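Peer 1: Provided herewith is a single structure, encoded as structure tokens, for subsequent inquiry.
The values are calculated or read from the model by the stated rules, or taken from the named source; none is laboratory data. Every value quoted in this text rests on a predicted model; they were computed, and no experiment measured them. Here the Cβ positions follow ideal geometry from the backbone for every residue, glycine too, while neighbour counts run over all protein chains shown. Surface accessibility is based on the protein's heavy atoms, side chains included, excluding ligands, DNA and RNA. Shrake-Rupley method; radii C 1.70, N 1.55, O 1.52, S 1.80 Å.
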Amino acid sequence: GNRNFIGEGSKNVTILGSDNYVGARLENVVIINSNNQSVYNSNTTIIDGKVYYNWTHVDATANYTTSDREVVSCDASTGAFTVTLPTKSADTWVSIKKTDSSANAITITTPDATNIDGAISITLTTRYEAVDLYCSNKVWLIR
């Protein structure tokens, strides 16, 4: 393509299109059959103008701070713990699930005391209980 910009330090970037922008220090970006796209997050794929984000799976057994587009499987069989959401930013998604059958709770909080659907925290107490969360850059919402 023509007039594509790839920021300094970015790697594993593939572009088939024109007038696309990829920010600095990003990894694993693919833009296919798309023009005029801007990418600011690693692990992003855009095909025919539609964005596909790659999700990462994490197993947590103790206090954990999530990142954007993570699926967090929480095993609290050895004790209750807290999962902290990432700092607010636009278009951030996180999925959290309690996987064990113990009475130990998983508490979900934010790093800056931002409410989650009007609550200061969310608690998962039963096996297979899960929550999908979205941040619009202003608030965290349960999906």
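Peer 1: If we scan the range 52-72, do we find a residue that is farther than 30 Å from ASN2 by Cα, assigned to a strand (DSSP E or B) and touching a Pro at 6+ places or on another chain (Cβ under 8 Å)?
Peer 2: yes
Peer 1: List the pairs whose first member sits in the range 24-42 and is closer than 13 Å to ASN2 by Cα and without any contact (Cβ under 8 Å) to a residue 24 or more places away in the chain, whose second member is open to solvent by 60 Å² or more (accessible area, probe 1.4 Å) and part of a loop (DSSP other than H, G, I, E, B), and whose Cβ atoms are under 7 Å apart, counting only residues at least 6 apart or on separate chains?
Peer 2: Sorted first by the residue in the range 24-42, then by its partner, the pairs are ASN33/ASP48; SER34/ASP48.
Peer 1: Which numbered condition in (1) open to solvent by 60 Å² or more (accessible area, probe 1.4 Å); (2) touching a strand residue (DSSP E or B) at 6+ places or on another chain (Cβ under 6 Å); (3) in a loop (DSSP other than H, G, I, E, B) is the only one that GLU8 fails?
Peer 2: With respect to (1) open to solvent by 60 Å² or more (accessible area, probe 1.4 Å); (2) touching a strand residue (DSSP E or B) at 6+ places or on another chain (Cβ under 6 Å); (3) in a loop (DSSP other than H, G, I, E, B), GLU8 is out only on (2).
Peer 1: So, in the range 14-36, how many residues would count as being open to solvent by 40 Å² or more (accessible area, probe 1.4 Å) and over 20 Å from the mean Cα position of the chain (by Cα)?
Peer 2: The total comes to 8.
Peer 1: Just checking, how many residues over the range 49-80 are open to solvent by 40 Å² or more (accessible area, probe 1.4 Å), of a type in the set (D, E, K, R) and either in contact with a strand residue (DSSP E or B) (Cβ under 7 Å, 6 or more places away or on another chain) or modelled with pLDDT of 90 or more (or both)?
Peer 2: 3
Peer 1: Within the range 100-108, does at least one residue satisfy the condition of being assigned to a strand (DSSP E or B) and open to solvent by less than 30 Å² (accessible area, probe 1.4 Å)?
Peer 2: Yes: one or more hits.
Peer 1: Additional query: All but one of (1) modelled with pLDDT of 95 or more; (2) exposed (fewer than 14 other Cβ atoms within 10 Å of the Cβ); (3) of a type in the set (Val, Ile, Thr) hold for THR84; state the number of the condition that does not hold.
Peer 2: (2)
Peer 1: Here is a follow-up. Which residues, taken from the range 87-99, are within 11 Å of LEU133 (Cα to Cα) and either charged (D, E, K, R) or open to solvent by 10 Å² or more (accessible area, probe 1.4 Å) (or both)?
Peer 2: Answer for the range 87-99, where residues must be within 11 Å of LEU133 (Cα to Cα) and either charged (D, E, K, R) or open to solvent by 10 Å² or more (accessible area, probe 1.4 Å) (or both): ASP91, TRP93, SER95.
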